[in-house]
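Chemist: Mind looking over this structure? Questions follow.
The values are calculated or read from the model by the stated rules, or taken from the named source; none is laboratory data. A quick note: this is a predicted structure, and the numbers were derived from the prediction, not measured. Here the Cβ is made from the backbone with ideal geometry for all residues, glycine too, and neighbour counts use every protein chain on show. Surface areas here come from the heavy atoms of the whole protein model, side chains and all, with no ligands, DNA or RNA. Shrake-Rupley method; radii C 1.70, N 1.55, O 1.52, S 1.80 Å.
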Amino acid sequence: EDAHEGEEEGEGEAAGGGLDEKSLMTLLYPPTALKTPNQRRLQMVLLAELTREIRKNFNGHFDKIMSLKEEEVDKIEERNIRIQEILTELVSKEDFFKPSWDSKERPHEVLTVTDAEMTCKPYETEEMREVKRRAEEERKRREEESKKDNIGERALNDMMFGQLEIKKENVMDQELEPPAWAAEAGPEEEWTVEMVKEMEEFRAAKKALEDEREKQRKALELELKKLRTEVSDICKGFDEKVKDLADIRVQVQVVVTTQELYSLRLAMGIMETEDDLVSTARLDKDLDALRKAKNELSEQTSNWAEQVDAAKERLLELQEEDRAMERNFRKDISTASAEAIRQEDIKNLLVLYKQRRPLAADEPNGTGTGRVSAGRSSGRNSFRRSSVGVDGGGPRSSNLRNTATSLMQARRSSSRGVSERRSSKATGDGGAMGPLQLAMEEAIRMANKQRAAENDPFAEVEDKAKNPEAGSDAAPTIAIAPLSMERDLMDPLRSSIDEMVWDKLQELRKAKIVKEAEVKTQTALFNEMKKQVDALLEQEAGLASEMASLEAEKDALTSKVKLADRNLEMLVWLKQGQNELQQEAMVTDWSEGLLIPTTRVSKCNDTIKALGADKVQILHRIKKFRKSINYMEWEHSYMETQIKNLNEYFIDLQLLKVTKSIQAIMKGDTQNKAREKMEKAEARIEILKRVHGDKADKIKGLIAKLSQSVRERRSENERLVVQLKDLDGSVQVREAIYRSRVDSSGGEVNPMQQAATRMKRITMRRRLIDLARVQTEEIDFLRSELDRLRQRTFPSFAHAARNRLLLPPDEVV
């Protein structure tokens, strides 16, 4: 059920004691009309004013109840004065209700110090006591002077004893004194007529006084009861008003809390919307910066990609030239000789052509400079020096490196020129500026150069190209040893190779080594450039993913802001039991809740009840029909069983043998036999009773014997307990003696002696046990012989008696 804002303010009016807030009610927006932040802010201000007015009206109502309490307390105190007088007259110490104020009800008396709170008297000096004494004497003097000429007071004292009203004499305090002679007079028989008459008058007056006292006491008790009833009624009426005020307070708190909750929800919605807008603006700013950086990075990446492609093409050209030199080796080496070279010699020369042996330290040019000399001046033992560079330091390699370096510098200068042109446009002509402006321009130019160097992916490659020996990851230079005819050529091959072929081999090998160095340098340069380009691509991908995440966050915030304009804050008043969402321990998630009108729920429940009633009726009909089916099946099974029983009974009648007893029953002569059977049963009962009595007497005797044996066993056990205690004492004494002997002997005991003593005891005990067993067997044998000899002279029933005792008493026949 929708509890609209107007209904809630109406409840606030009813709870606040008839509040008249028509002006605020006309200014309040309906909950469905709050769409702009300004409307929500104005609604919050109006709600705060409404709650203030509700509190103000309730406080006014509370002040009225407070003043009413003061009046009721005054009434109760007036009646308490009369109650105290009545209790004084009745000489009673009964307690009665005395109203009191709580400290919270008198906030203005918090700073007031009472006499009861003064635990000690304030200190007074001599001057203060003297001033106080003089003031007291002056007051007494003035009172005495005023009393001298006070005509009214003197007249009141003279005529009415100082009182304007005649105080009614209290009957309860009156006491009659017996005649003075009553204490000294003798018995009544000796009294005179006047004495008797006077005593009768005294007794009559005393009786009248007692009657008057009783009447006065009853009147006072009745008045006391009436006053107590009035005080109770006053308290009860005020308590009811306080209870009503408490109920109103609860309702006012509910209304105020509801409005405050509504105001907080509006404030939270405004705050969330503003936060979303600020976040959206921040995301737009971040996206612009990222988009600008991504565009610059994309342009830079495309430029670097072109350079990488050029380096790759150059690397492919060098690799193709290197492979061509290796393919053309046979043809080139063949042209160097006028005679044809054998294939085996060409293979051996090819092996020497591919040989790359490092230069040893003790060999010529072994200082690690990377150059070797090879050649022959005259004859086979003289060599001509020729330098071969293997560290990439050849002219062609240096030209390639210089070309790549100049290409990268051109790219970087083009990118830096843009920033420098921008800075020059921003700063203007430097000649017209002062020293401070020139320093600022120089700082900006240096910062732009540093930023360009940071964004240049080939800065490190350029540095390595300028200084190849610098850097920790530079490849170490390996010196290649030159070929030696004496060392590298075998004897058969040495005689068949002439000097021109050998020089051509050295020349081709040198060119091949230089080409390999160029390929290696270009490969390293290409790999480094490719690595830098991959890093740029990865950075560009990271920027793209970050932009995508920011775009998604921005879209979510934008949709949230758009939804906030349509997502209106509504307060719903639900009765207990209408909230069917699963309540969580801390915070309940209401996002999946659905608000359904109670009319629709009631209609659905009515439909469910109607369908349930129809189903119950159908089930009742099914139950009755099933019951009739079960009854018919039971009748059928009953009739089948009855038929079977009759058939078996008929067969039994056919197969029945006719005996004398059956014939007697058929003839009807069964009374005599029944009488005889009854007499036999009675005789049997008498016999069983007699036998039972005998058995009971025997069992009682046996129980008495068993009780006697139990008592004897108990006495024997007690005697054994005493004996056991004595034996324990003797054992302790013997142990003490044994320990003293052991201590006197130095605390050492021969284990062999102990083992022998223990063995002797065990054997002695075993012999005694065997002797006792043998003697027991002899006693049994002698007893059996005694019974056998006695049976020769006269019969013995010992075995029968023994067997009888072994059986239970009820089984003895």
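Chemist: Of Lys75/Lys241; Lys75/Lys215; Lys285/Lys554, which pairs sit farther than 22 Å apart, going by alpha carbon to alpha carbon?
Modeler: Numbers: Lys75/Lys241 17 Å; Lys75/Lys215 28 Å; Lys285/Lys554 11 Å.
Check vs 22 Å cut-off fails for Lys75/Lys215.
Chemist: I would also like to ask the following. Quick one: pull the percent of accessible area on the stretch 520-577 belonging to carbon and sulfur, 1.4 Å probe, ligands and nucleic acids left out.
Modeler: On the way: 2100 of 3750 Å².
Answer for the stretch 520-577: carbon and sulfur cover 56 percent of the accessible area.
Chemist: I want the local charge near Glu214. Using Cβ-Cβ distances under 12 Å, sum +1 for each Lys or Arg and -1 for each Asp or Glu among the other residues.
Modeler: On the way: positive: Lys207, Arg213, Lys215, Arg217, Lys218; negative: Glu210, Asp211, Glu212, Glu221.
Once positives and negatives cancel, what remains is +1.
Chemist: Could you bin all the Cα-Cα distances of the stretch 539-590 into 5 Å bins starting at 0 and give me the percent of pairs in each, rounded to whole numbers?
Modeler: Here the calculated profile for the stretch 539-590 is 5, 14, 10, 13, 12, 13, 11, 8, 7, 4, 2, 1.
Chemist: Moving on to the next point. Just the ratio, please: alpha-carbon radius of gyration of the stretch 94-143 over 2.2 N^0.38 Å, N its number of residues.
Modeler: 1.91
Chemist: Another question, then. Before I look further, what does the stretch 16-117 give for accessible area per residue, probe 1.4 Å, in whole square angstrom?
Modeler: Details: 7040 Å² over 102 residues.
Using a 1.4 Å probe on heavy atoms only, each residue of the stretch 16-117 averages 69 Å².
Chemist: Just grab the label-to-label distance for Val616 and Asp322, each label 7 Å out from Cα along the Cβ direction, in nm (one decimal).
Modeler: About 9.8 nm separates the two model spin labels.
Chemist: In nanometres, what is the gap between the two model label sites at Glu214 and Glu77, each 7 Å from Cα along Cα-to-Cβ?
Modeler: 4.0
Chemist: Any idea which of Leu227, Leu277, Asn303 is furthest toward the positive side of the dipole for the stretch 225-360, if Lys and Arg beta-carbons carry +1 and Asp and Glu beta-carbons -1?
Modeler: Leu227
Chemist: Give me the one-decimal nm value for the distance between modelled label points at Gln791 and Asn672, 7 Å along each residue's Cα-to-Cβ direction.
Modeler: It works out to 5.1 nm between the two label points.
Chemist: Just the number please: accessible area per residue for the stretch 193-248, 1.4 Å probe, all protein chains included, in Å².
Modeler: Accessible area per residue: 74 Å².
Chemist: Still on this structure, please answer the following. What does the accessible area per residue of the stretch 564-677 come to in Å², with a 1.4 Å probe and no ligands, DNA or RNA counted?
Modeler: Values: 11090 Å² over 114 residues.
Accessible area per residue: 97 Å².
Chemist: Label the stretch 566-699 by shape, choosing from rounded, prolate and oblate, from the square roots a ≥ b ≥ c of the eigenvalues of the Cα gyration tensor; if a/c is under 1.5 it is rounded, and otherwise prolate applies when a/b is larger than b/c, oblate when it is not. Intermediate results must be reported in sequence, preceding the final value.
Modeler: Values: a/c = 6.88, a/b = 2.49, b/c = 2.77.
Since a/c reaches 1.5 but b/c is at least a/b, the shape of the stretch 566-699 is classed as oblate.
Chemist: Can you pull the percent of the stretch 56-152's accessible area that's carbon plus sulfur, 1.4 Å probe, other chains left in place?
Modeler: On the stretch 56-152, the fraction of accessible area on carbon and sulfur atoms equals 53 percent.
Chemist: In the calculated pair distance distribution of the stretch 304-348, what percentage of Cα-Cα distances lie above 14 Å?
Modeler: In whole percent, the share of Cα-Cα pairs in the stretch 304-348 beyond 14 Å is 63.
Chemist: I've got another one for you. Using only Cα atoms, figure out Rg for the stretch 46-132 and give it as a multiple of 2.2 N^0.38 Å.
Modeler: 1.84
Chemist: Still on this model: Do any of Lys354/Lys530; Lys98/Lys226; Lys104/Lys226; Lys725/Lys760; Lys69/Lys243; Lys603/Lys623 go past 23 Å between their Cα atoms, and which? It would help to have the intermediate numbers written out before the result.
Modeler: On the way: Lys354/Lys530 30 Å; Lys98/Lys226 16 Å; Lys104/Lys226 32 Å; Lys725/Lys760 27 Å; Lys69/Lys243 13 Å; Lys603/Lys623 30 Å.
Over 23 Å apart, Cα to Cα: Lys354/Lys530; Lys104/Lys226; Lys725/Lys760; Lys603/Lys623.
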